[in-house]
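The values are calculated or read from the model by the stated rules, or taken from the named source; none is laboratory data. The model shown is predicted, which means the values in this text are computed figures rather than measured ones. Every residue, glycine as well, gets a Cβ built from its backbone with ideal geometry; the counts of neighbours run over all protein chains shown. For accessibility, only protein heavy atoms count, side chains too; no ligands or nucleic acids. Shrake-Rupley method; radii C 1.70, N 1.55, O 1.52, S 1.80 Å.
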Amino acid sequence: SLDAQGSCTKAAPSDKTEVQASVSALSKNYDEAIKDSQKSYNEVLKKIKELDNKVVINSNVSVQEEHSWENNQQIYKGIRSSYQINIQVSPKLLNQALNALTEKSVKVNGVNFLLSDSARQKLVEECLPEAAAQAKVYASKLASGLGVEIGEVKSSSFSFNQPYQPGPIYMKAMTRGA
């Protein structure tokens, strides 16, 4: 048995972005905490839906008591009601989606730059012939070095790896005169 691997690397622009955000409210009263967080959530939802009706939004809600530790004792702060929101938008709408999340009660937890299934499939179709040809060359060299002939292919497989590629990071630098 002779195993050989080929690889192909392609770069592609992101065609889908996902924004992870949360809205929450803290209140001494359970019903009030739910009502306040739901109000903020509905405001965010309305703003996002105004951008594009094809926006995909997934969310879940959690409600729990919140405490802090002060002067060696646990202090009850109230009930925290939180909505976790994942918003999938096209890269063209990313800035507008982030602008829609500027409410004081909204926290943006992260942005992911992704490939759609169709973009991923296109890359696989472009890469498979290149990777297969490379594997064949490696197999021929390996067989030649071993003094054997290459027979028929008994099995093949492929994997698709999408490495993490961070988006641009904008930094501000300040200098002070002496």
Given [x] 73; [y] 153; [z] 298, the label whose value is volume of the Cα convex hull per residue in Å³ derived from this model: [z]
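With charges only on Cβ, +1 for K and R and -1 for D and E, what is the dipole size of the chain about its Cα centre, in debye, rounded to 20?
I would put it at about 560 debye.
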Note, ³J(HN,Hα) from phi for the range 101-108, Karplus 6.51, -1.76, 1.60, rounded to Hz, x at Gly and Pro: 9, 8, 4, 4, 7, 9, 10, 8
Zone of Tyr138's modelled label, taken as backbone nitrogen in the range 1-28 under 17 Å from a point 7 Å along Cα→Cβ: 1-10
Angle in degrees between helix 30-51 and the longest Cα principal axis of the chain, rounded to the nearest 10: 50 degrees
Choice from Ala100, Ala21, Ala139 with maximal GNM fluctuation in the chain (Cα, 10 Å cutoff): Ala139
Sequence-distant residues sharing a close amide H with Gly78 (under 5 Å, placed H): Glu66
Whole-percent carbon and sulfur share, accessible surface of the chain, 1.4 Å: 49 percent
GNM top mover of Ser118, Ser159, Ser14 - the chain, alpha-carbon springs below 10 Å: Ser159
Fluctuation leader among Ala25, Ala119, Ala131 - the chain, Gaussian network, Cα springs under 10 angstrom: Ala131
Inter-centroid distance (Cα atoms) of the range 115-139 relative to the range 6-65, Å: 35 Å
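What number comes out for accessible area per residue over the range 5-101 if the probe is 1.4 Å? Units Å², please. Can you show the working numbers first?
Details: 6120 Å² over 97 residues.
For the range 5-101, the per-residue accessible area is 63 Å².
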Relative contact order %, the range 1-123, counting alpha carbon pairs below 8 Å whose residues are six or more apart: 42 percent
Phi-based couplings in Hz for the range 62-74 (Karplus 6.51, -1.76, 1.60; Gly and Pro marked x): 9, 10, 7, 6, 10, 10, 10, 10, 9, 6, 6, 8, 7
Nearest 10 degrees, 0 to 90: helix 117-146 Cα axis against the chain principal axis: 40 degrees
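So which trypsin sites (Lys or Arg not before Pro) in the range 1-78 end up in coil per DSSP with only 16 or fewer other C-beta atoms within 10 Å? Before the final figure, lay out each step's value.
Details: sites: Lys10, Lys16, Lys28, Lys35, Lys39, Lys46, Lys47, Lys49, Lys54, Lys77; in loops: Lys10, Lys28, Lys54.
Those satisfying the criteria are Lys10, Lys28, Lys54.
Assuming R0 = 22 Å, what is the FRET efficiency of Glu43 and Ala12, from their Cβ-Cβ distance, to the nearest 0.05? Numbers along the way, then the final one.
Numbers: r = 35 Å, r/R0 = 1.59.
E between Glu43 and Ala12, to the nearest 0.05, is 0.05.
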Solvent-accessible surface (1.4 angstrom probe) belonging to Phe160, in square angstrom, nearest 10: 70 Å²
